[in-house]
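> Have a look at this one.
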Amino acid sequence: MYLKTIFLQNFKNYKDISIGFSKNVNCIYGLNGAGKTNILDAIHYLSFTKSFFSYSDKKNINFSNDLGYFTLKGVYVHDQEDAELSIRCAYDQKEKHFWLNEKKYKKFSSHIGRVPLVFISPSDIQLVEGGSESRRKFMDLIISQKNKTYLNALVKYHKTLAQRNALLKESFRKNIDDALFEIFDDQLKEWGDVIRKEREQFLKAFTSKVEEYYRIISKEKETIALEYQQSNLELKKNFQIDLRRGFTTSGVHRDDIVFLMHQKSLKAYASEGQKKSFVIALRLAQLNVIKEALGISPILLLDDIFDRIDQHRAQVLLHTVSNQIDSQVFISHTDGKKLKEVFNAQTNVHFYKVEKQNVVKTHAS
Ligand SMILES: Nc1ncnc2c1ncn2[C@@H]1O[C@H](COP(=O)(O)OP(=O)(O)O)[C@@H](O)[C@H]1O
Ligand SMILES: [Mg+2]
């Protein structure tokens with residue numbers, strides 16, 4: 001699946017443009033603030049029915065001509081079926097609409113997965129440096145995409161957890177029968193066990209994929225590991241603490257993944273470049289899993305490619321994504337010359353210069 005043409009109207013800094021893309025590699029360059037990431041975000045939008053960044057759709061409407069709406073349209077080509085597919089979106093400050101081949105969606109959720117996509121962003125470094133929530137979310141999202149049993153257990157677990165937490169808060173005001181908590185504890189244990197089993201299995205297979213990509217990108221022989229760190233599922237043990245705090249302090253919703261390099265914490269000991277390479281390896285492994293599950297190569301967006309990595313690593317990465325992964329790739333960077341050097345007159349690479357609210361296709365040299 002690849003994006004052939006995109007149309008943007010009043011989306012962020014773009015008033016009205018259309019851009020035709022290469023089915024292989026597309027390099028987007030221009031000064032800071034020119035609008036490179038905005039293009040990638042529009043592509044993200046068409047896949048996920050929302051922006052990668054802002055939660056409020058109003059922020060995506062162009063504020064300089066104030067027409068009060070934005071529209072996006074993508075024309076895609078499905079390689080295997082040799083068929084075209086159009087996705088259109090319109091937002092008018094009140095409502096958002098999505099169409100697939102001009103047929104309007106009733107539920108946006110049924111669109112997710114139609115055009116699979118992986119976004120590699122500078123903010124991904126949070127997966128290593130941030131709290132456990134981002135890592136759980138990363139893992140939960142990948143597993144639930146292909147495993148309905150897991151998704152079901154996750155939904156039920158979180159529902160029960162919310163009920164238990166509400167009861168803990170209620171117990172500040174009145175006496176609650178312990179038997180009520182026991183019912184919730186048993187349910188949390190039951191769903192929690194299912195979730196843990198699937199997470200463990202997933203991490204085993206996923207680790208070897210991450211390892212493989214890490215080796216390719218970094219050309220280093222570090223051994224890496226993704227270790228599942230479990231909190232206590234015997235909720236009785238922490239019951240007194242839970243009562244005092246008014247929420248459930250342990251369970252699979254507090255589990256974590258610890259990233260290790262040479263058996264040491266990646267967060268504590270690795271260099272910036274190693275951390276970034278690791279995060280990219282995580283995303284490429286994610287792309288690989290999605291491809292296996294859906295049978296379609298996801299579109300890959302690489303924003304600010306030289307962020308935290310040196311020229312050499314970036315070069316290896318770019319050659320990897322352009323030669324070893326059969327996805328359509330979009331790469332953004334400020335320096336067009338540097339990108340052209342890296343790709344060194346490969347024919348399947350297109351270059352686009354972004355300036356003054358416009359995008360112009362340029363020559364490779
Ligand atoms: N709703 C909007 N209307 C007009 N311009 C916007 C809007 N949202 C963001 N921008 C502009 O987009 C620019 C940032 O674009 P971005 O794609 O992040 O740049 P970069 O090329 O550095 O990736 C900023 O100049 C900002 O003012
Ligand atoms: Mg940017």
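The values are calculated or read from the model by the stated rules, or taken from the named source; none is laboratory data. In this text, all values refer to a predicted model and were calculated from it rather than measured experimentally. Don't worry about glycine lacking a Cβ; one is built from the backbone with ideal geometry, like all the others, and counts go over all protein chains shown.
> Among the numbered criteria (1) part of a loop (DSSP other than H, G, I, E, B); (2) polar (S, T, N, Q); (3) within 14 Å of ligand 1 (Cβ to nearest atom); (4) in contact (Cβ under 8 Å) with a residue 24 or more places away in the chain, which one does Thr37 miss?
Just one mismatch for Thr37, condition (1).
> Would you mention how many residues in region 206-228 are under 15 Å from Arg283 (Cα atoms) and either of a type outside the set (A, V, I, L, M) or within 19 Å of the chain's Cα centre (by Cα) (or both)?
12
> Return the residues of region 40-54 that are within 14 Å of ligand 1 (Cβ to nearest atom) and in a loop (DSSP other than H, G, I, E, B); say none if nothing qualifies.
Filtering region 40-54 for residues within 14 Å of ligand 1 (Cβ to nearest atom) gives 40-45, 51-54.
Passing the criteria: Ser51, Phe52, Phe53, Ser54.
For every residue, the table says whether it meets (1) outside the structural domain of Ile241 (by TED's automatic domain parsing); (2) assigned to a loop (DSSP other than H, G, I, E, B); (3) buried (at least 16 other Cβ atoms within 10 Å of the Cβ); (4) free of Cβ contacts under 8 Å to residues at least 12 places away in the same chain.
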residue: Glu133; (1), (2), (3), (4): no, no, no, yes
residue: Asp140; (1), (2), (3), (4): no, no, yes, no
residue: Ser144; (1), (2), (3), (4): no, no, yes, yes
residue: Lys156; (1), (2), (3), (4): no, no, yes, no
residue: Phe172; (1), (2), (3), (4): no, yes, no, no
residue: Leu180; (1), (2), (3), (4): no, no, no, no
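> Can you find even one residue in region 193-202 that is modelled with pLDDT of 95 or more, surrounded by fewer than 19 Cβ atoms within 10 Å (Cβ to Cβ) and among the hydrophobic types (A, V, I, L, M, F, W, C)?
There is at least one residue in region 193-202 that is modelled with pLDDT of 95 or more, surrounded by fewer than 19 Cβ atoms within 10 Å (Cβ to Cβ) and among the hydrophobic types (A, V, I, L, M, F, W, C).
> Conditions first: (1) within 11 Å of ligand 1 (Cβ to nearest atom); (2) over 27 Å from Val349 (Cα atoms); (3) in contact with a Lys or Arg (Cβ under 8 Å, 6 or more places away or on another chain); (4) of a type outside the set (Asp, Glu). Tyr29 passes all but one, so which condition is the exception?
Evaluating Tyr29 over (1) within 11 Å of ligand 1 (Cβ to nearest atom); (2) over 27 Å from Val349 (Cα atoms); (3) in contact with a Lys or Arg (Cβ under 8 Å, 6 or more places away or on another chain); (4) of a type outside the set (Asp, Glu) leaves (2) as the failure.
> Here's something else I'd like to know. State whether the residues of region 8-20 include one that is more than 20 Å from Lys356 (Cβ to Cβ) and away from ligand 2 (no atom under 16 Å from the Cβ).
no
> Of the residues Ile280, Ile290, Ile241, which is closer than 30 Å to Leu180 by Cα and assigned to a helix (DSSP H, G or I)? Full working, then the answer.
Numbers: Ile280 fails: closer than 30 Å to Leu180 by Cα; Ile290 fails: closer than 30 Å to Leu180 by Cα.
Answer to the check: Ile241.
> May I pose another question? Filtering region 65-100 down to residues that are without any contact (Cβ under 8 Å) to a residue 12 or more places away in the chain and more than 22 Å from Gln328 (Cα to Cα), which residue is farthest from the chain's Cα centre (by Cα)?
Only one residue tops the list, namely Asp66.
> Still on this structure, I have one more. Of all residues in region 21-47, count the ones that are under 20 Å from Asp57 (Cα atoms) and away from ligand 2 (no atom under 16 Å from the Cβ). Even if it seems obvious, please write down each step before you answer.
Within region 21-47, the subset under 20 Å from Asp57 (Cα atoms) is 33, 35-47.
Applying the additional criterion that residues be away from ligand 2 (no atom under 16 Å from the Cβ) yields 46-47.
Here the count works out to 2.
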